[in-house]
Amino acid sequence: MLIAIPDVLTPAQTAEARALLEAADWVDGRVTAGHQGAHVKNNRQLPQNSEAGRIVGEMILRALSNNPLFMSAALPLHVLPPTFNRYEGGEAFGNHVDGAMRFLPNGQRMRTDLSCTLFFSEPDEYEGGELIIDDVFGSKSVKLPAGHMILYPSSSVHQVTPVTKGARVSSFFWLQSMIRDNAQRALLFDMDVAIQRLTGEVGATNPSVVQLTGAYHNLLRMWGEV
Ligand code: NI
């Protein structure tokens with residue numbers, strides 16, 4: 001399931017973040033690729049200790065924790081601090097899958113269930129640089145407006161095509177969901193969307209809304225990891 005989360009950042013936040021990122025020092029992206037990814041990855045990244053990266057990363061995480069669509073679609077348990085990459089002059093990231101495990105800042109391991117890419121460049125500022133994601137329904141090409149984010153299963157094969165003109169700046173990070181299984185998470189998301197819509201139509205105290213909400217939470221209790 002691929003889910004676009006529009007307007008994670010406001011235009012003002014996006015502009016502020018871009019100014020910080022443009023002034024930052026970028027390094028070769030292969031340092032974080034791991035032994036399996038280094039040969040397909042060709043881009044630049046902000047180093048782990050980057051002050052600009054820390055400030056913008058916190059801005060993103062704060063915005064996401066207040067974003068109902070993100071919370072409902074991802075049901076996040078652990079979210080890694082965002083990292084940042086930049087592609088230009090033909091740089092690309094060939095077909096790959098993301099590693100299954102990552103370390104949280106406190107040293108605890110987490111499983112990567114969902115990958116997130118938040119765009120900082122507008123689509124008309126660069127050529128190429130499509131995020132191509134293979135999912136069960138075929139291959140999807142993703143290029144979103146600045147401030148928007150795509151959420152996709154970390155297990156899916158994906159790539160970033162060469163940026164042939166301009167520069168593509170984005171943030172990427174991983175999360176562990178309370179719901180490990182993609183199909184179960186998709187079902188809960190569908191249910192939540194329907195419950196929200198029904199609540200808007202008939203009110204939160206309507207018996208059907210209460211019953212469906214109870215069923216949603218019982219499924220979350222049954223499947224959720226905390
Ligand atoms: Ni990847």
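Quick notes on this structure:
- The order of Val202, Val136, Val142, Val40 by accessible area, most exposed first and with a 1.4 Å probe, is Val136, Val202, Val40, Val142.
- Accessible surface ranking for Lys41, Lys140, 1.4 angstrom probe, highest first: Lys140, Lys41.
- Summary of the geometry: the stretch 94-167 and the stretch 179-226, compared by the centres of their Cα atoms, lie 28 Å apart.
- The Rg/Rh ratio for the chain, using Cα coordinates for both the radius of gyration and the Kirkwood hydrodynamic radius, is 0.99.
- If R0 equals 45 Å, the separation of the Cβ atoms of Asp28 and Gln196 corresponds to a calculated FRET efficiency of about 0.50.
- Listed residues Gly94, Gly29, Gly200, most fluctuating in the chain (Gaussian network, C-alpha, under 10 Å): Gly200
- Solvent-accessible area per residue for the chain (1.4 angstrom probe, square angstrom): 50
- GNM flexibility winner over the chain from Gln159, Gln184, Gln176 (Cα, springs under 10 Å): Gln184
- Cut-off 20 Å (backbone N to label point 7 Å along Cα→Cβ of Glu127), residues of the stretch 163-200: 163-169
- Accessible surface ranking for Arg30, Arg102, 1.4 angstrom probe, highest first: Arg30, Arg102.
- Rounded percent of accessible protein surface that carbon and sulfur make up, the chain, 1.4 Å probe: 56
- Compared with the direct C-alpha span, the chain from Arg111 to Ala4 gains 36.4 nm at full extension, assuming 0.36 nm per residue.
The values are calculated or read from the model by the stated rules, or taken from the named source; none is laboratory data. A quick note: this is a predicted structure, and the numbers were derived from the prediction, not measured. All Cβ positions, glycine included, derive from the backbone under ideal geometry; neighbour counts span all protein chains shown. Areas reflect the complete protein model, heavy atoms only, side chains present, ligands, DNA and RNA absent. Shrake-Rupley method; radii C 1.70, N 1.55, O 1.52, S 1.80 Å.
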